[in-house]
Amino acid sequence: MSAHDPNCIFCKIVAGQIPSKKVYEDEDIYAFHDINPWAPVHFLLVPRRHIPSMAQIGAEHERLMGRMLTLAPRLALEQGCNPYPEGGFRIVCNTGLEGGQEVHHLHVHVMGGPRPWARG
Ligand code: 5GP
Ligand code: ZN
């Protein structure tokens, strides 16, 4: 699979071809605010390389996925989520059509801030 899919909106965001509000970046990961937030804090963590979804994740992605999930709590606090346990955040990774995925470039939603906002 190529590192960049020219038709992928998140590849274009990672490449700076579509503007986004950056939360964090390093050599493997880019994080940015969701354009249509469900919560007072709502950002997305994506791998720079194009991976369509969690369904394509294998052992070779253990370090990448570990780093994305390890970043989430730190970035959540930096972006204004309140501390655990009164605060906290929600992590969602929609996968495939039946999983509610609309953009087919793997992304981890991190949502938080004062309720009410959460579904379910
Ligand atoms: P999914 O349903 O695939 O899990 O979520 C895709 C998310 O990407 C949605 O929450 C949507 O608001 C967000 N999104 C889609 N297009 C853009 C965009 O161009 N810029 C930003 N910042 N977010 C986007
Ligand atoms: Zn992509």
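The values are calculated or read from the model by the stated rules, or taken from the named source; none is laboratory data. All of these numbers come straight from a predicted model, not from anything done at the bench. All Cβ positions, glycine included, derive from the backbone under ideal geometry; neighbour counts span all protein chains shown. The protein model used for the area step is the full one, side chains on, heavy atoms only, and it has no ligands, DNA or RNA in it. Shrake-Rupley method; radii C 1.70, N 1.55, O 1.52, S 1.80 Å.
Scanning region 100-120 for residues that are more than 16 Å from ligand 2 (Cβ to nearest atom) and in contact with a helix residue (DSSP H, G or I) (Cβ under 8 Å, 6 or more places away or on another chain) yields V110, G112. Residues in region 1-28 that are closer than 29 Å to R115 by Cβ, within 9 Å of ligand 1 (Cβ to nearest atom) and touching a residue at least 40 places away in the same chain (Cβ under 8 Å): F10 alone. Residue pairs whose Cβ atoms lie under 6 Å apart, separated by 6 or more positions or on different chains, with the first residue in region 29-40 and within 23 Å of P116 (Cα to Cα) and more than 16 Å from ligand 2 (Cβ to nearest atom) and the second open to solvent by 90 Å² or more (accessible area, probe 1.4 Å) and of a type outside the set (A, V, I, L, M), are H33/K21. Per this entry, I57 is counted among residues that are more than 13 Å from the chain's Cα centre (by Cα), more than 18 Å from A118 (Cβ to Cβ), more than 12 Å from ligand 2 (Cβ to nearest atom) and touching a residue at least 40 places away in the same chain (Cβ under 8 Å).
Note on region 77-100: residues that are closer than 15 Å to W38 by Cβ, within 16 Å of ligand 1 (Cβ to nearest atom) and either crowded, with 16+ Cβ neighbours inside 10 Å or β-branched (V, I, T) (or both) total 7.
Against the test of being hydrophobic (A, V, I, L, M, F, W, C), over 18 Å from D5 (Cβ atoms) and part of a loop (DSSP other than H, G, I, E, B), the options A31, A72, A76, A39 yield a single qualifying residue, A39. There is no residue in region 103-117 that is assigned to a strand (DSSP E or B), touching a His at 6+ places or on another chain (Cβ under 8 Å) and surrounded by fewer than 17 Cβ atoms within 10 Å (Cβ to Cβ).
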